[in-house]
Structure formats: C-alpha cells, structure tokens
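The next block holds one structure in the form of structure tokens; read it before the comments.
FYI, it's all coordinate maths here, none of it is from the lab. Since the structure is predicted, the reported quantities are computational estimates derived from the model, not experimental observations. Cβ placement follows ideal geometry from the backbone for every residue including glycine, while neighbour counts extend to all protein chains displayed.
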Number of protein chains: 2
Amino acid sequence: MTGVRVGIDIGGTKVEAVALDASGAVVARDRRPTDPGPDGVVRSALASVRALAAEPASIGIGIPGMVEGGVVRGAVNLGIAELPLADVIAAETGAAVGVENDVRAAAVGASHVWETPTIALLNLGTGVAAGVVVAGRLLSGRGGAAGEIGHFSIDQAGPACACGQRGCIEAYAGGRALALRAGMPAAAAFAAAASGDARARGAVRDAVSAAASAVEILALSIDPPVVAVAGGMARAGGGLRDELAGELDRRAASSPFLRELRIRDRLRYVGDAPLPAVGAALIPEQEPHG
Amino acid sequence: MTGVRVGIDIGGTKVEAVALDASGAVVARDRRPTDPGPDGVVRSALASVRALAAEPASIGIGIPGMVEGGVVRGAVNLGIAELPLADVIAAETGAAVGVENDVRAAAVGASHVWETPTIALLNLGTGVAAGVVVAGRLLSGRGGAAGEIGHFSIDQAGPACACGQRGCIEAYAGGRALALRAGMPAAAAFAAAASGDARARGAVRDAVSAAASAVEILALSIDPPVVAVAGGMARAGGGLRDELAGELDRRAASSPFLRELRIRDRLRYVGDAPLPAVGAALIPEQEPHG
C-alpha cells in the first residue's frame with residue numbers, strides 16, 4: 001500500500017504496527033518480536049514499515065523512555081541510552097517521521113478511537129505514568145513532564161523510588177515495586193492476595209490504593225470524561241479492575257463531592273486493542289500543547 | 001467610556017473591577033465594598049459597571065462558588081445559595097455577560113497579563129483550588145472539577161475535610177483549616193510559628209507541606225511553565241513564600257527527577273495586581289476546553 005500512515009508501538013518484547021487510511025481506520029496490522037538494542041529497534045521498526053506499506057505517507061513511533069525532538073533517551077528495557085530514532089528512520093525511508101513516548105502515543109490513540117477529544121490514559125506498567133490529551137492535542141508540558149504523576153509522593157516516609165523520592169505512586173503501583181513488595185511476580189500477586197497470602201495482600205492493597213490516587217489526581221486536575229487504564233498491571237492483575245473500582249467507591253462513600261464526580265464510571269480499560277500503534281500513526285500530525 | 005470590556009471580581013469583602021480596551025490594556029479601575037446576599041452582589045456589580053462604562057461591550061464576572069451556565073451556586077461567604085447572575089446582569093445592562101468561578105477567572109487573567117498561554121493558578125484562600133489554562137483556553141472539565149486539587153487526600157487518616165474526605169490538601173493548607181489547627185487566625189500563625197509556638201509551628205509546617213504537594217500535582221499533571229500562587233494565605237502569611245520554596249527545595253534535594261523540573265522556579269505570586277478582574281473581563285470570549 002502507498003499513502004497510508006504507519007504507526008508503530010515498540011514494546012519490550014513485541015512491536016505492534018498498524019496502517020491507517022485517510023479516514024483514520026486501521027487497514028492493516030503487523031506484529032513481530034522486538035530485537036533489542038538501538039540497531040535491533042531500528043531493524044524491527046523498518047521491518048514493520050516494509051510489511052505494511054511500500055511508500056507510507058508518514059511513520060509514527062511510540063517507544064518507552066523520554067522522547068524529545070525525535071531523540072529517545074533512557075529506554076532501559078530496550079537497551080537504548082540515546083537514539084535519534086526519527087532521523088534514522090526518515091533517512092532509511094524518506095517518509096515524514098514522528099516519535100513520541102509510548103504512553104502519550106497510547107493516549108492519542110484512545111482519544112482517536114474512542115472519539116474523546118479530552119482524555120487521560122493511566123499506564124500501570126513497570127512504571128506508572130499518564131498521557132493527557134486536551135481538545136485533541138497532546139499535553140506535553142514545559143518540562144516534558146505532563147502526566148508524570150507516578151512520581152507524586154503520597155507518603156514522604158514511604159518506600160524508596162528509583163527517582164530518588166520516597167512513597168511515589170510508582171513505588172507502590174508500578175509492576176516492579178509490587179513484585180518486590182509482594183515477593184513474587186506482579187501477575188501472581190493478585191491471585192496470592194485473594195487466596196490469603198498476607199504479604200501479597202498488603203502489597204496489592206497498597207498498589208490499588210496508589211492507583212486510585214493516580215486516578216483521582218487526573219480527575220481533580222484535568223477532569224477528563226474518560227480515564228483510560230492500560231499497561232501490564234491492568235492486564236495481568238485480573239483482580240485489578242474490581243479492586244480499583246472498589247477502592248474508588250470506598251473513597252467516594254464518605255464524600256458527596258467525590259460521589260458527584262463519578263470518577264469510577266469514567267474508567268475504561270484499553271485491553272489488547274492496538275491503541276498505542278494507532279496513536280503512534282497520528283503523532284506526525286500532532287502539535288502538542290506547550 | 002463605551003466599547004470597553006468590563007471585568008468584575010467579587011470577593012467576600014470587596015469588589016474589584018477593571019475596564020479593558022481593545023488591546024487588552026486596563027484603562028480604568030473601580031474598587032468598592034461588597035454588599036452581601038444575592039441582591040447586594042447584583043447591586044455591587046451594577047455599581048461597578050456604571051462607574052466604568054456607559055455601554056460596555058461585554059461584562060465578565062468572577063465570583064466564588066460553583067458556576068455553570070451563568071448560574072452561581074454555593075457562594076457561602078457571599079450568602080448566595082443559587083443566583084442566575086449572568087441573566088440578571090444581562091437584563092439590567094443589555095450587555096453580553098459571562099460568569100466564571102473567581103479562581104478560574106484569575107488564571108485567565110494571569111495567562112493574559114503574563115503572556116503565558118498555559119498556566120496553573122493555585123489559590124490558597126479559605127479553600128484551596130487551582131485554575132488551569134491550556135493554550136489560552138480555560139480547562140473546565142467534564143464535571144467542572146478541573147483544578148479541584150484541594151480535595152485530593154494526601155492522608156486517608158488525616159483531619160476531616162468539609163467535603164467528607166479526610167486529609168485533603170485543603171484540610172491542611174486552607175486558611176480555615178490552618179486557623180483551626182493553629183488555634184489562631186491564619187495570618188497570625190506564620191509569625192507565631194516563627195517565634196516558637198509549637199502548635200502554630202506544626203500547623204504551619206503541615207500547611208506548607210500540603211501546599212507543596214498541590215504545586216507538585218500541578219507540575220506533574222499539567223507541567224505548566226508558570227504556577228501562579230494567589231489567595232489570602234499567600235498574601236497574609238508573610239512567611240509562606242520562603243517556607244514553600246524551602247519545602248520544594250527539600251523535596252527536590254533527594255530526587256534528580258524533581259530537581260530537573262525546577263518546580264520552585266516556576267512559582268510566581270499574584271500579589272495585589274487586579275488579575276482576577278482582568279481575567280473576568282476576558283471570560284465572555286473564553287471557550288473553555290470541555
């Protein structure tokens with residue numbers, strides 16, 4: 001195909017790609033394992049492009065880490081310290097290329113697919129972060145930190161976070177933190193907690209409470225009609241949906257103010273839909289809010 | 001004058017009004033005491049209009065409480081349960097009238113005067129709330145709750161808040177809460193804390209910590225270039241500026257991530273400039289983000 005917009009979501013283990021036609025509909029998909037390292041990531045992305053389009057109109061890429069001006073930094077899980085990904089892919093393909101952080105790209109995708117111009121997408125993965133879209137445009141922020149609520153401390157005396165603070169939301173609700181605190185993989189902790197393992201139960205309770213705080217922060221700062229929930233924790237923790245809804249209900253029970261906001265009813269789970277890749281395809285034409 | 005845009009900020013004790021010319025510059029000001037109650041508020045607003053313009057092009061009003069569709073609700077300090085203020089003023093003047101919550105109007109004013117299209121304004125008054133402007137447009141939110149971070153709980157076991165929750169930011173950093181906890185007027189608590197009063201010291205420390213959390217929430221969700229600080233607490237507490245800067249520095253000291261965001265350097269104090277009235281004058285032409 002020619003003229004399509006290709007979107008590529010590069011994850012730690014797999015690369016998910018889509019081609020969008022002019023109307024924004026998905027007309028082709030490609031899925032392949034991720035080759036790690038800078039060269040591997042470039043090779044994987046180019047393979048996805050070739051599988052989907054001979055001459056794509058544009059290529060958008062979502063990738064973990066900090067992204068600024070098409071340069072990716074600190075994508076630890078991919079073995080990338082610094083990579084000028086947009087320039088490399090543009091040189092190889094001749095297409096217009098846009099690169100964005102994967103959580104932000106997913107927020108753009110959710111906004112597009114669910115037709116919700118303002119939305120926050122909370123990613124509960126190894127780390128915790130949100131992507132925010134206001135009136136159809138990504139909120140980037142002065143320091144590139146819009147949506148970095150995983151590093152808001154809910155307990156200044158809490159467990160240490162990789163960022164240097166204590167008690168960050170991520171230090172409870174991130175997959176790595178939950179695994180450490182529960183003494184088992186995050187995916188197993190929900191089941192273990194349900195069957196009475198006290199340590200897992202405590203870790204899960206704290207993770208759910210921190211995730212609820214993240215949702216509340218988004219509701220009380222941005223107040224979007226939809227808070228999308230994505231990431232490995234949301235998928236792997238079968239119990240997360242019920243526990244998170246229960247915790248938000250419990251908090252609202254004491255507060256007419258919170259009840260009226262119906263925060264729980266705004267949650268929507270991303271599941272396995274290729275929203276991050278769809279969002280990535282729209283990145284080249286995005287003009288983020290400053 | 002004719003053709004000017006009149007902006008009116010209705011506070012608990014005084015009404016501050018400005019007239020803006022076509023360029024957005026303040027060409028006249030009026031200041032008078034507030035008559036309380038629905039009739040008093042209407043009378044005060046009309047007196048301000050008449051003092052400034054024979055035939056204003058538009059009238060904008062900022063007022064405490066919830067404002068929706070020109071109707072004010074729950075402006076307790078003004079003795080207003082419910083008042084269709086926009087309709088009443090429009091009927092009396094024949095002008096186009098817009099009414100908005102006063103904190104939000106102040107955020108629009110700060111964005112305009114300081115030429116910062118994206119900004120958050122944190123109001124530390126009797127209550128605690130923020131107004132958020134993104135790319136020149138007010139963020140209103142689905143539930144009208146954008147910026148209501150005063151009701152984020154930083155300690156689920158903390159002191160009771162009027163909203164029904166416990167440990168809300170407002171339950172520490174609001175002027176009413178600080179006065180209760182310190183056992184003296186909020187304005188006196190900073191001085192008493194500085195001269196060694198243990199109870200005042202504890203209350204002030206908690207208030208400053210909660211205010212720092214509010215600033216961090218704004219920085220990590222919206223990431224605006226400027227966080228304006230306004231309200232009686234910011235003016236009355238002579239010590240607040242230094243204490244808040246010190247608390248943000250202390251938190252950043254442990255975290256390279258926070259340090260890089262330079263949150264403390266984004267603070268800017270509103271002081272006595274008529275930003276709320278200027279912002280109110282711009283409300284009739286605002287189209288808030290949904």
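Quick notes on this structure:
- Of all beta-carbon atoms in chain A, the one sitting closest to the axis that brings chain A onto chain B gives A:221, 2, with the distance in whole angstrom.
- Summing charges over all other residues whose Cβ lies under 11 Å from the Cβ of residue B:249, with Lys and Arg as +1 and Asp and Glu as -1, gives +1.
- Counted charge near residue A:8, where neighbours are those whose Cβ lies closer than 9 Å (Asp, Glu -1; Lys, Arg +1): -3
- Taken over segment B:1-110, the alpha-carbon convex hull comes to 84 cubic angstrom per residue.
- Computed from the C-alpha gyration tensor, the three semi-axes of the ellipsoid equivalent to the protein assembly as shown are 43, 30, 20 Å, from longest to shortest.
- When the helices of the protein assembly as shown are scored as -39500 (n - 2.57) per DSSP H run of n ≥ 4 and the total is divided over every residue, the value at 222 nm lands at -12000 deg cm²/dmol.
- Evaluating 6.51 cos²θ - 1.76 cosθ + 1.60 at θ = phi - 60° for every residue in segment A:171-180, the Karplus couplings come out as 6, 10, 9, x, x, 5, 5, 4, 4, 4 Hz, glycine and proline recorded as x.
- Dipole magnitude of segment B:5-102 about its Cα centre (Cβ charges: Lys, Arg +1; Asp, Glu -1), debye to nearest 20: 280
- Ranked from shortest, the separations from the 7 Å Cα-to-Cβ label point of residue A:13 to its equivalents in the other copies are 6.4 nm.
- For residue B:82, distant residues with modelled amide H under 5 Å away: B:74
- The string of couplings for segment A:205-221 from the Karplus curve (6.51, -1.76, 1.60, θ = phi - 60°) is 4, 5, 5, 5, 4, 5, 5, 4, 4, 4, 4, 5, 4, 5, 5, 8, 9 Hz, one whole number per residue in order, with x for Gly and Pro.
- Inter-copy spacing of residue B:287 label points, which lie 7 Å from Cα along Cα→Cβ, given in nm from shortest upward: 1.5
- Close amide H pairs (under 5 Å, H built 1.01 Å from N) link residue B:269 with B:229, residues at least 5 positions away or on another chain.
- Local electrostatic count at residue B:279 - Lys and Arg +1, Asp and Glu -1, tallied over other residues with Cβ under 14 Å: -3
- Backbone HN-Hα couplings from phi across segment B:35-50 [Karplus 6.51/-1.76/1.60, Hz, Gly and Pro as x]: 7, x, x, x, 5, x, 5, 4, 4, 4, 5, 5, 5, 5, 4, 4
- Shortest first, residue A:36 label-point distances to identical copies amount to 6.8 nm, with the label point at 7 Å from Cα along Cα→Cβ.
- Chain A - Rg (one decimal) and Dmax (whole number), Cα, Å: 18.9, 58
- Likely footprinting exposure, B:44, B:140, fewest C-beta neighbours within 10 Å first: B:44, B:140
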